[in-house]
Amino acid sequence: MSIVKRCWSVLGVVLAIVLVAGCSSEQGAAEQALRAAEELINKARDEAAKYVPEQFSGLEAALASAKETMKKGDYKAALAAATDLSAKAKETAAAAAARKNDLMVSWDGMSGGVPKMVDALKSRIDILSESKKLPANVTQAQFDNAKSGLASIQQQWTEASEAYKAGDLTEAVAKAKWSRDKAAEIMSSLGMPVPAAAKL
Amino acid sequence: MGTDKEKKGTDEWSSEQWHEVKKGETLWKIAEHYYGDGSLYTKIADANRDTIKDPNLIRIGQRIRIP
C-alpha cells in the first residue's frame, strides 16, 4: 500500500471517530436535557394538573413528542425541544401557583362573606314565614323561590366547604360563587340590600 | 386573577339592612313595610334592644336595624 493510500485510510478512521464522538456527545446532551425537563414536569405535575390542566396537558404532549424525536435519533431537535420544555415547565409551575393563589384569595373572601348572607337570608325568611301577608314588593312566587333557593344555597355551601377541606380549591370556589350569586339574587328579590362584595 | 368583588374586605360583605325613621313612622308601620305584617314589630324591637328601650318611642332620624 502506498504511503498516500495509507494516509487516506488513517484520515478516514480519524474522521469516523470524530463523527461518532460528536454524535454520541449530541445524544448525551439531548438525553440529559430531556431528563432535566421531565424532572421539572414531574415536580410541577400535582399543582399544574389541578390548577392549569389544559396548559399541563400541552406540556405532557410536548414531552412525549420530544421523546419520540429522541427515539428517531434526531438528537439536535430533541435537545432543542427539551430546552424549550424546561422553560415551559417552569412557566406552567408559575401559572399553577398564581392560579392557586387567586383561588385562595377568592375563597378567603367568600368563606367569611357567604355565611353572613345566608344568615341574613334565613333570618328574613323565618320572619316572613310568620307574616300574615307578604310585603307589597314580594310576591308569593318570589317568596317560595327564596325558600327553596336558601335550601340549595345551604347545600352548595356545605359541598363547597367539604371540597375546600378535601383540597379541591377549584370546586370549592365554583360552588362558593354559585352560593354567593344565588344568595344575592334572592336577597334582591326580597328587597334586602346585597353586600357590596357580592354585587354582580 | 380574582375579581374585585371576591377580594373585598369583611365590611364589604355586611348583609345588614338599616332603616332611618321618618316623620310619622312607627315600628308597626316599619314592620308592615318590610314584612307585610305590623304585628312583627317585635322582631325589629328585639334586634335593636340596645337603642330601642320602648317600642312606642322611636325618633325621627334614628337608624334601626331590620333583621
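Would you confirm whether or not the stretch A:128-138 contains a residue that is more than 9 Å from chain B (Cβ to nearest Cβ), touching a helix residue (DSSP H, G or I) at 6+ places or on another chain (Cβ under 9 Å) and in a helix (DSSP H, G or I)? Yes: the stretch A:128-138 contains one or more residues that are more than 9 Å from chain B (Cβ to nearest Cβ), touching a helix residue (DSSP H, G or I) at 6+ places or on another chain (Cβ under 9 Å) and in a helix (DSSP H, G or I).
Residue-wise test of (1) more than 16 Å from B:Ile66 (Cβ to Cβ); (2) within 10 Å of chain B (Cβ to nearest Cβ); (3) of a type in the set (S, T, N, Q).
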{"site": "A:Ile125", "(1), (2), (3)": "no, no, no"}
{"site": "A:Trp157", "(1), (2), (3)": "yes, no, no"}
{"site": "A:Glu162", "(1), (2), (3)": "yes, no, no"}
{"site": "A:Ser179", "(1), (2), (3)": "yes, no, yes"}
{"site": "A:Ala198", "(1), (2), (3)": "yes, yes, no"}
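The residues of the stretch B:1-18 that are part of a helix (DSSP H, G or I) and either at the interface with chain A (Cβ under 7 Å from one of its Cβ atoms) or at pLDDT 95 or above (or both), listed by number, are B:Lys5, B:Glu6, B:Lys7, B:Thr10, B:Glu12, B:Trp13.
Using the structure shown, decide if A:Asp168 is away from chain B (no Cβ under 13 Å) and not small (Gly, Ala, Ser). Yes: the conditions hold for A:Asp168.
Scanning the stretch A:63-77 for residues that are under 32 Å from the mean Cα position of the chain (by Cα) and without any contact (Cβ under 8 Å) to a residue 40 or more places away in the chain gives A:Leu63, A:Ala64, A:Ser65, A:Ala66, A:Lys67, A:Glu68, A:Thr69, A:Lys71, A:Ala77. Every condition in (1) modelled with pLDDT of 95 or more; (2) surrounded by fewer than 11 Cβ atoms within 10 Å (Cβ to Cβ) holds for A:Gln32 except the one numbered (2). Of all the numbered requirements in (1) more than 7 Å from chain B (Cβ to nearest Cβ); (2) touching a Pro at 6+ places or on another chain (Cβ under 8 Å); (3) surrounded by 19 or more Cβ atoms within 10 Å (Cβ to Cβ), A:Ala146 misses one, and that requirement is (2). In the stretch B:19-52, of all residues being more than 9 Å from chain A (Cβ to nearest Cβ) and of a type in the set (Lys, Arg), the one that is surrounded by the most Cβ atoms within 10 Å (Cβ to Cβ) corresponds to B:Lys29.
Every residue, every condition in (1) away from chain B (no Cβ under 14 Å); (2) open to solvent by less than 30 Å² (accessible area, probe 1.4 Å); (3) not in a helix (DSSP H, G or I), yes or no:
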{"position": "A:Lys76", "(1), (2), (3)": "yes, no, no"}
{"position": "A:Ala98", "(1), (2), (3)": "no, no, no"}
{"position": "A:Leu103", "(1), (2), (3)": "no, yes, no"}
{"position": "A:Gly109", "(1), (2), (3)": "no, yes, no"}
{"position": "A:Pro115", "(1), (2), (3)": "no, no, no"}
{"position": "A:Leu121", "(1), (2), (3)": "no, yes, no"}
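Among the conditions (1) open to solvent by 70 Å² or more (accessible area, probe 1.4 Å); (2) under 22 Å from the mean Cα position of the chain (by Cα), A:Ala163 misses just one, which is (1).
The values are calculated or read from the model by the stated rules, or taken from the named source; none is laboratory data. Owing to the predicted nature of the structure, the values given are computational and were not obtained by experimental measurement. Counting neighbours? That spans all protein chains shown, and the Cβs are built from the backbone with ideal geometry, glycine included. Please note that ligands, DNA and RNA were not included when accessible areas were found on the heavy atoms of the full protein model with its side chains. Shrake-Rupley method; radii C 1.70, N 1.55, O 1.52, S 1.80 Å.
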